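Presented below is the structure to which this report refers.
The values are calculated or read from the model by the stated rules, or taken from the named source; none is laboratory data. Since the structure is predicted, the reported quantities are computational estimates derived from the model, not experimental observations. Because the Cβ atoms are built from the backbone with ideal geometry, glycine has one as well, and the counts that use them run over all protein chains shown. When the accessible area is computed, the model is the full protein with side chains, heavy atoms only, and any ligands, DNA or RNA have been set aside. Shrake-Rupley method; radii C 1.70, N 1.55, O 1.52, S 1.80 Å.
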Amino acid sequence: MTTDPRLRGIAAELDAGLIARREFLRKSAILTGGTAAGLAVLRGMASAQPKTKLRVWLFKSYVTGGNDILAKHVEAWAKERNVEPEFDWATFGDREQKFVAAIEAGNPPDVAEMNYQGPMRYKAALRDETKLAKDLAAARGGLLPYAARVVQFNGQYFGIARLAFGGGLHVRKDVLAEKGLKLPKVYDPDVIEVAKKCQDPAKDIWGFGQTLNRCDDGNGFMQNILWDYGGGAWDKDGKPALATSNLKANMAALQFAVDTIQKHKIQPPGVMGWNDASNNEAYMAGKLVSTNNGASLYYAMGAKKHPLFEKTQVILTPGGPAGSFVFAGAYNWGVFQKSKYHELAEDMIRWVEDEKRFEEYMKACSGQAGPVYKSRAEHPYWKSDPNYEGMLQNIMRSVWPGYPGPISPAAIEVQAQYMLCDMAGRMVTAGLSLEAALKEAHGRVEEVYKIRGGK
Amino acid sequence: MATVAQLPVERARAPRPRAGLRRRLGADWHLGYLFVLPMAIMVIALVAYPFCYAAYLSLTRKYVGVPPVFVGFENYVRLAYDGFFRRAVWNSFVFTFASVGVKLVLGMVMALVLTSRIRYRNLFTGLLLIPWVAPTVVSALNFLWIFDASLGVLNYLLVKVFRILPQGVGWLSEAGTAMASVIFVNVWRGFPFFGISFLAGLKAIPGELYEAASVDGANIVQRFRHVTLPSLRNIIIVVMLLSTIWTFNDFAIVYILTKGGPGGATQVLPVFTYEMAFGAQRLGEAIAVALYMLPALAMVIIVLSRYMRRSHAR
């Protein structure tokens, strides 16, 4: 134990008889009391010092269990680092609006959880996080190909990949078993046949529920079906191809999509007015035999102990003549250039992406926290439920917006403006011919391509 | 003490406006400017500057997070050739005029019924005001459920309860029914404003006018046509013009019910502006869309302000 040298000095003076015992007590009391008072003041000043505030924007998904775990992880990190996190939650409905407003106002958060659009759209306001992104990926066996495309632009990483939403075709396995039918593998003829045999329009039960309306569900399906038939909005060089090199395949795909409503009549009336929640509600109400959806539907049924939870099989999204394609967007972390605390933000990302913490998060997400890194795809969790297997395989084969060309601002904008949904919508509700609908949509895609400077 | 001869010289030295200007501005023009100054600053800061900046941005290519690039009238020209924009303009006029027309009729009926001698008149007045008082978002979300083809109450009533239809109607999924549905919700929400305004006007019409018309042998329709309508003329015009502005700018009802779908069938200019700004994230073009609405709305505003000034002068 160390003693104050001044105390040692007066003790020596006492020993040498230079000062009286009373004088020693007086001087030592002043010394120790003064030191204690000084320390107390310093401690008070230290605690009065405001904590660093880190503005964190998280995404509020329908899988509420996962949201809670993520918030808990960030809070634990903040406590550990003596940081005060300032949370804000963005939803499907207001995420992009919030980003646009904050960036334009020059007041973005320090760090935010973004979807696949973020790195491409907000790269002017985001920090280049190549080193952190590569470090995390290297420690996890590398990024899966679709995720690698989404978070980088010209070799610079503007996002740090986190997860991809799992999902698939939710099928009423009890109904199929009752009819002695196999699970469908392709849309035409499997899904159509299963739907026709299982539906009962008189009882308002429909074989297939898939809107082509202006929403994320409609966008995803329209994009996938074009790829499934060997087409797509873009060619290999990233140029518009709806009504040019991909015309024939796109015609077949669009015709099939519209036929599900008009010719085969396997979809409920009103499906063109649906939003992202409508098929979830219709499925849980027992009105649908099959529907494409993210894992949130499976999660919701499980969380509510819904009777259809046990009767549902989630399988690979069906395909077409050219294969089975699924659009997947990697959710990712973005650190903004305006942040004064980018090192703290990076530290937070490392903390929440720690494998043990991510495992806890993933297990609370019922298949929604799909892998973006190779090692995460090998986690035994994906074998713990037969329904997760389909979700995992969907993610493993997923492709990026703009496929087979590069991901580009134009490809993102075509999605964000629901142009492929409008193409189908114009056929179904405005009576446009197949060629006219494709030509009109191609014109719009080309316009976006030109506006975005051919990117 | 100044002499009479000195006074004009000293007055001439003082800084003051010339005689003509002073006559126009008034003797206490200094004070006048002082009083107007705060309001002028507020108008410049909150109206003029944002408007001018928006007008400038509409002449630029402006993406999120990057500085604007001046492109002249390129955005306006491009929009003029955009089929989806032109459809949005058409839809906006259909939505606005159909809504305002129906609201006018319903509002008048509501006012006439509530001026007649019926029981519980105050209760009915209160009940009829509920749609106007309820937040638009809440009303629109309720109607989203009501119109749902599979799970909505409207189809349930028509198919299951009253057995009027063999199968439910996709209210929001067909071009015609979707537009009719969004107009219906706008009417439902807006007609009480018409009704309550007309009711106030009706109460101000002197009873003697009706008595004189009756003595002259006018029947109920003639009394309505020759007494009620002329007396309500100014109120009708002001209410219609205000409602036209509000309906033309209505965003929430269309966005919540259809997002402009299906296939752009209910796309109106406010929703198109929103999609251009937050979907396409082309901010310059989004403002150009908004400014395209300006001439139509300016006409309405000019007519409205003229009528309001005229009635104020009376």
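How much net charge surrounds residue A:187 when only the other residues with a Cβ under 11 Å from the Cβ of residue A:187 are counted, with Lys and Arg +1 and Asp and Glu -1? Working shown, then result.
On the way: positive: A:185; negative: A:188, A:190, A:193, A:228, A:259.
Here the charged neighbours net out to -4.
If you fit an axis through the alpha-carbon atoms of helix A:5-15 and take the longest principal axis of the Cα set of chain A, what angle between them do you get, 0 to 90°, nearest 10?
Result, in degrees: 30.
Give me the compactness ratio for segment A:73-136, meaning the Cα radius of gyration over 2.2 N^0.38 Å. Don't skip to the answer; put the middle values down first.
Details: Rg = 13.3 Å, N = 64, 2.2 N^0.38 = 10.7 Å.
Taking N as the residue count of segment A:73-136, the ratio is 1.25.
Using R₀ = 41 Å, calculate the FRET efficiency as 1/(1 + (r/R₀)^6) where r is the Cβ-Cβ separation of residue B:43 and residue B:203; round to 0.05. Walk me through the numbers on the way to the answer.
Numbers: r = 36 Å, r/R0 = 0.88.
Step by step, r from the Cβ atoms, then E = 0.70.
Using θ = phi - 60° and the Karplus relation 6.51 cos²θ - 1.76 cosθ + 1.60, list the HN-Hα couplings for segment A:125-134 in order, rounded to whole Hz, with x at every Gly or Pro.
Going residue by residue, I get 10, 9, 7, 6, 10, 4, 5, 5, 4, 6 Hz, with x marking Gly and Pro.
Using a simple spin-label model with points 7 Å from Cα along the Cα→Cβ vector, what separation in nm is obtained for residue B:137 and residue B:160?
In this crude spin-label approximation the distance works out to 3.0 nm.
Give me the one-decimal nm value for the distance between modelled label points at residue A:139 and residue A:385, 7 Å along each residue's Cα-to-Cβ direction.
So the two model labels end up 2.8 nm from each other.
What number, rounded to the nearest 500 deg cm²/dmol, is the helix-based mean residue ellipticity at 222 nm of the protein assembly as shown, given -39500 (n - 2.57) per DSSP H run of at least four residues and division by all its residues?
Details: 36 runs with 426 residues, N = 769.
That comes out to -17000 deg cm²/dmol.
For the pair residue A:28 and residue A:87, what calculated FRET efficiency results from E = 1/(1 + (r/R0)^6), where r is the Cβ-Cβ distance and R0 = 60 Å, to the nearest 0.05?
Details: r = 51 Å, r/R0 = 0.86.
Efficiency at R0 = 60 Å is approximately 0.70.
How much of the accessible area of the protein assembly as shown, probe 1.4 Å, is carbon plus sulfur, in whole percent?
On the way: 22830 of 37040 Å².
Carbon and sulfur atoms account for 62 percent of the accessible area of the protein assembly as shown.
Taking the Cα of residue A:64, stepping 7 Å toward and past its beta carbon, and measuring to each backbone N in segment A:297-323: which are under 16 Å?
A:297-306
³J(HN,Hα) across segment A:340-351 via Karplus (A = 6.51, B = -1.76, C = 1.60, θ = phi - 60°), whole Hz, x for Gly/Pro?
Result, ordered by residue: 7, 10, 5, 5, 5, 4, 5, 5, 5, 5, 4, 5 Hz.
Hey, could you get me the Stokes-Einstein D for chain A, Kirkwood radius over alpha-carbon pairs, 25 °C and 0.890 mPa s, rounded to whole µm² s⁻¹?
Values: Rh = 24.6 Å.
For these conditions, the coefficient is 100 µm²/s.
Compute the Rg/Rh shape ratio of segment A:153-220: radius of gyration over Kirkwood radius, all on alpha-carbon atoms.
Details: Rg = 17.6 Å, Rh = 14.9 Å.
Ratio of gyration radius to Kirkwood radius: 1.18.
Cα-Cα pairs above 34 Å in the protein assembly as shown: how many percent? If you can, show how the numbers build up before the last one.
Working: 179639 of 295296 pairs.
So the pairs more than 34 Å apart make up 61 percent of the total in the protein assembly as shown.
In degrees from 0 to 90, rounded to the nearest 10, what is the angle of the helix B:175-203 Cα long axis to the longest principal axis of chain B?
For helix B:175-203, the angle is close to 60 degrees.
Subtract the Cα-Cα distance of residue B:93 and residue B:214 from 0.36 nm times their separation in residues, and report this length gain in nm to one decimal.
Numbers: separation 121, 0.36 × 121 = 43.56 nm, distance 4.07 nm.
Result for the pair: 39.5 nm of gain on full extension.
Determine one quarter of the surface area of the Cα convex hull of segment A:70-197, which equals its mean projected area, and express it in nm² to one decimal.
The Cα convex hull of segment A:70-197, projected and averaged over all directions, gives 12.4 nm².
P(r) tail for segment B:194-261, what percent of Cα pairs lie past 14 Å? All intermediate terms of the calculation are to be shown ahead of the outcome.
On the way: 1534 of 2278 pairs.
Here the tail beyond 14 Å accounts for 67 percent of pairs.
Working out 0.36 nm times the residue gap between residue A:439 and residue A:97, then minus their Cα-Cα distance, what length gain in nm do you get to one decimal? If you can, show how the numbers build up before the last one.
Values: separation 342, 0.36 × 342 = 123.12 nm, distance 3.04 nm.
Extra length available between residue A:439 and residue A:97 comes to 120.1 nm.
Given all pairs of different Cα atoms, what value in angstroms does the Kirkwood hydrodynamic radius of segment A:231-340 take? Can you show the working numbers first?
On the way: mean 1/r = 0.0576 Å⁻¹.
Across segment A:231-340, the inverse of the average 1/r is 17.4 Å.
In square angstrom and rounded to 100, what buried accessible area do you get between chains A and B, total over both, with the probe at 1.4 Å? It would help to have the intermediate numbers written out before the result.
Working: alone 20590 and 19580 Å², together 37040 Å².
What A and B bury together is about 3100 Å².
How are the alpha carbon pair distances in chain B distributed across 20 Å bins from zero to the largest one, expressed in percent?
In whole percents, the pair-distance histogram is 23, 43, 26, 7, 1, 0.
Over the Cα atoms of segment A:391-455, how large are the radius of gyration and the largest Cα-Cα distance (Dmax), in Å?
Cα only, segment A:391-455: 13.8, 38 Å (Rg, Dmax).
Which whole-number percent is the relative contact order of chain A (Cα, under 8 Å, 6+ apart)? Could the numbers behind the result be given before it?
Details: 781 pairs, mean separation 106.0, N = 455.
Computed over chain A, the figure is 23 percent.
Could you work out the local net charge near residue B:150, counting Lys and Arg as +1, Asp and Glu as -1, over the other residues with Cβ closer than 11 Å to its Cβ?
Its environment carries a net charge of -2.
Structure shown: which of A:173/A:203; A:134/A:450; A:185/A:356; A:60/A:338 lie over 27 Å apart, alpha-carbon to alpha-carbon? Mind dumping the intermediate values first?
Values: A:173/A:203 19 Å; A:134/A:450 33 Å; A:185/A:356 35 Å; A:60/A:338 24 Å.
Pairs exceeding 27 Å: A:134/A:450; A:185/A:356.
Apply the Karplus parameterisation 6.51 cos²θ - 1.76 cosθ + 1.60, with θ equal to phi minus 60°, to every residue of segment A:242-259 and state each ³J(HN,Hα) to the nearest whole Hz, in sequence, with x for glycine and proline.
Per residue, the Karplus-derived 3J(HN,Hα) values read 4, 10, 10, 5, 9, 4, 4, 5, 5, 4, 4, 5, 5, 4, 4, 4, 6, 4 Hz.
In degrees from 0 to 90, rounded to the nearest 10, what is the angle of the helix A:21-48 Cα long axis to the longest principal axis of chain A?
So the inclination is approximately 20 degrees.
Under 12 Å from the Cβ of residue B:140, count the other residues' Cβ atoms, weight Lys and Arg +1, Asp and Glu -1, and hand me the total. Show your work: numbers first, answer last.
Details: positive: B:189, B:259; negative: B:250.
For residues surrounding residue B:140, the net value is +1.
If I stretch the segment between residue A:455 and residue A:263 completely, what's the gain in nm (0.36 nm per residue apart, minus their alpha carbon distance), one decimal? Kindly include the intermediate steps, with their values, before the conclusion.
Values: separation 192, 0.36 × 192 = 69.12 nm, distance 3.75 nm.
Result: 65.4 nm gained on full extension.
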